[in-house]
Every structure is written in C-alpha cells, then in structure tokens.
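To start, the structure itself, in structure tokens.
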Amino acid sequence: QVALVESGGGSVQAGASLRLSCVYSGRAFSSYTMGWFRQAPGKEREFVSAISWSNTFYGDSVKGRFTISRQNAKNMVYLQMKSLKPEDTAVYYCAGAPFMIQTPKIESFSVWGQGTQVTVSS
C-alpha cells in the first residue's frame, strides 16, 4: 500500500522561500512519477510540477520560481519554492502515478497526500 505525507508548509511574506517535502511509503518509488498540485479556496486543484524519471514539468505560473527534485534512495520528493507570491497561497498536495508520463494530467495521479498549507502574505 502506497502512502504520501507532505511537510514544510507555513506562513511567509511575499518574496520568501519554502521547501516542501513529501515522503513515500511503499514499493518501487523510483518507477513512480511524482507531482505537486495545489488548491486555493474556491478554486480547482491546479498542477504545479511533476518529475518523471529525469523529466521535469512545471505549470506556467511557477516556471522559473519553483524547482522539483527527488531522492530515490530516501523515497523523497521536494518542491523548492522561491519568490513566493500571495497568489501561491493554497494547500499543496503531493501525488504519485505508478508510471512514466509525457504530459502531466491530474487524472494520471492515483495516490495523494493529505496536503500542507502554504500562506503567502503581501
């Protein structure tokens, strides 16, 4: 059984940085595509970033500011967030898909964490 647990959220000022972490429990982590999504109040869940083998993907709103990485030996995936903006405020979810992907789509991800809150104030 696969489980994901996020950590690292918090409240920061605009322009600050945060690093989110997600630990994976289960087998075959290295074969999973791992992703980050976010959901702000009243909005749909939005794709943020994904890493599939060595390929990385980013949503347009975070390109150049966020960086996804993974450590397969530790079953960890990270999201380094820089130059945070108030519009980045959301609950951030870690997600996993048990296959390589070419185009990140929310429906590809079958395993989800509980989420971690990120609040950016101006």
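Taking the Cα centre of region 1-59 as reference, the dipole from Cβ charges on Lys and Arg (+1) and Asp and Glu (-1) amounts to some 40 debye.
Note on the chain: with neighbouring protein chains present and a 1.4 Å probe, carbon and sulfur make up 48 percent of its accessible heavy-atom surface.
Build a GNM of the chain with springs between Cα atoms under 10 Å apart, and of 80, 102, 39 the one that fluctuates most is 102. If R₀ is 35 angstrom, what is the calculated FRET efficiency for the pair residue 100 and residue 40, using the beta carbon separation as r and rounding to 0.05? FRET efficiency, residue 100 to residue 40: 0.75. Once the chain from residue 85 to residue 7 is taken as fully extended at 0.36 nm per residue, the excess over their C-alpha distance is 26.1 nm. Name all residues of region 104-119 having a backbone nitrogen under 18 Å from the label point set 7 Å from the Cα of residue 23 along its Cα→Cβ direction, giving them as ranges. What the label zone holds, given the 18 Å backbone N cut-off, is 112-117.
Spatially close Lys pairs in the chain, defined by Cα atoms under 18 Å apart and a spacing of eight or more places or different chains, total 5.
Suppose the chain between residue 107 and residue 56 were pulled fully straight at 0.36 nm per residue; how much longer would it get relative to their current alpha carbon spacing?
Here the segment from residue 107 to residue 56 would lengthen by 16.6 nm.
Estimated at 0.36 nm per residue, the fully extended path between residue 14 and residue 74 surpasses their Cα-Cα distance by 18.5 nm. Largest first, the three principal axis extents of the alpha carbons in region 1-66 are 38, 24, 23 Å in whole numbers.
The values are calculated or read from the model by the stated rules, or taken from the named source; none is laboratory data. Quantities reported herein were computed from a predicted structural model and do not represent experimental measurements. Note that each Cβ is placed from the backbone with ideal geometry, even for glycine, and that neighbours are counted across all protein chains shown. We work out accessible area using only protein heavy atoms, side chains counted, and drop any ligands, DNA or RNA first. Shrake-Rupley method; radii C 1.70, N 1.55, O 1.52, S 1.80 Å.
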